[in-house]
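Participant: Here you go, one structure.
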Amino acid sequence: MTSEIKPANIDNLMLEIENLSVEVDGKRILHHLNLTIAAGETHALFGPNASGKTTLLMTIMGFPQYKAKQGRILFKGRDITALAIDERARLGIGIAFQRPPAIRGVKVRDIARFCLHDRQNGELVEAIATKVNVTELLDREVNYGFSGGEIKCCELFQLTAQRPELILLDEPDSGVDLVNIGLVGKAINELLQTSAGLLITHTGHILNYVTAQKGHLLFNGKLCCELEPQELLATIQEYGYAKCAECPKYLSLRK
């Protein structure tokens, strides 16, 4: 694992995470994380189950049960560590959940109109729906009775309407069949043309469709590698995550 990655342009940083430690229900999950994402960059985040990947995204988004006990999070140079979820969303951060809730009584169409800040903008809603193949879902209740692929497309539909500057994607390839994975990947790529992104992937399948510039490995709550995404994925596929416990980079973080 020898590929060098150019440092981010410090004058054009979208996200800065500095020495971040996070607790959930009194248990320390993330330890002293440092991460920067420049405008226009997409970063892929790998790691085994329960390594803290989703915790990191939820902390960036501001969910209150994820407590930043140390460090800070900056978005476009502004410290957002103490801001509420809605404030972060208004600033331009969006998230696609791995397992979003179903919302009874709220139609998919209404969510898009809300994101567009224009409840009468029907033509734009239809255009976005066509792009991500959710036209038939517009008048259904959000995620209620949806398949895995439909849920992912619905999440991307909402993000496309929201148009955030930083997109957090939690395993967008999880639960998506081979027919829909290409569609999901295309929609994500289009979103990332104008946004920075942090993409969680367990299997790496989504990287066949989405271009990421940098890859990171989160292991036992510590960021211990930064490599080209495909190189990092190939190493994981060859040796497995168990080998990470023997990695000198990880061992140095435990001292």
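The values are calculated or read from the model by the stated rules, or taken from the named source; none is laboratory data. Note that this is a predicted model, so its numbers are computed, not measured. Glycine also receives a Cβ, built like all others from the backbone with ideal geometry; neighbour counts cover every protein chain displayed.
Participant: Scan the range 83-101 for residues that are within 22 Å of residue 221 (Cβ to Cβ) and surrounded by fewer than 17 Cβ atoms within 10 Å (Cβ to Cβ) and jot them down.
Facilitator: Correct list: 99 only.
Participant: Could you list all residues from the range 32-81 that are surrounded by fewer than 18 Cβ atoms within 10 Å (Cβ to Cβ) and among the aromatic types (Phe, Trp, Tyr)?
Facilitator: Across the range 32-81, the qualifying residue is only 63.
Participant: Answer with yes or no whether residue 104 is touching an Asp or Glu at 6+ places or on another chain (Cβ under 7 Å) and surrounded by fewer than 14 Cβ atoms within 10 Å (Cβ to Cβ).
Facilitator: For residue 104, the condition - touching an Asp or Glu at 6+ places or on another chain (Cβ under 7 Å) and surrounded by fewer than 14 Cβ atoms within 10 Å (Cβ to Cβ) - is met.
Participant: Still on this model: Exactly one condition in (1) surrounded by fewer than 16 Cβ atoms within 10 Å (Cβ to Cβ); (2) under 24 Å from residue 56 (Cβ atoms); (3) modelled with pLDDT under 90 is false for residue 211; which is it?
Facilitator: For residue 211, the failing item is (3).
Participant: Restricted to the range 81-100, and to residues that are part of a loop (DSSP other than H, G, I, E, B) and over 17 Å from the mean Cα position of the chain (by Cα), which residue is nearest to residue 142 (Cα to Cα)?
Facilitator: 84
Participant: Kindly provide the set of residues from the range 39-88 that are in contact (Cβ under 8 Å) with a residue 24 or more places away in the chain and of a type in the set (S, T, N, Q), ordered by number.
Facilitator: 42, 49, 51, 54, 55, 59, 65, 70
Participant: Can you name the helices (runs of 4 or more DSSP H) wholly within the range 122-212 that have at least 3 residues being without any contact (Cβ under 8 Å) to a residue 24 or more places away in the chain?
Facilitator: 122-131, 178-191
Participant: Across the range 17-41, which residue is nearest to residue 197 (Cα to Cα) among those that are part of a strand (DSSP E or B) and out of contact with any helix residue (DSSP H, G or I) (no Cβ under 9 Å at 6 or more places or on another chain)?
Facilitator: If we take residues in the range 17-41 being part of a strand (DSSP E or B) and out of contact with any helix residue (DSSP H, G or I) (no Cβ under 9 Å at 6 or more places or on another chain), then 37 is nearest to residue 197 (Cα to Cα).
Participant: Just give me the residues in the range 214-243 being surrounded by 19 or more Cβ atoms within 10 Å (Cβ to Cβ) and touching a Ser or Thr at 6+ places or on another chain (Cβ under 6 Å), in sequence order.
Facilitator: 218, 219, 227, listed by residue number.
Participant: Answer yes if at least one residue in the range 102-121 is out of contact with any Leu (no Cβ under 7 Å at 6 or more places or on another chain) and either hydroxyl-bearing (Ser, Thr, Tyr) or within 30 Å of residue 244 (Cβ to Cβ) (or both), and no otherwise.
Facilitator: no
Participant: Please go through the range 166-205 and give me each residue that is surrounded by fewer than 17 Cβ atoms within 10 Å (Cβ to Cβ) and closer than 29 Å to residue 117 by Cβ, ordered by number.
Facilitator: 186, 189, 190, 193, 194
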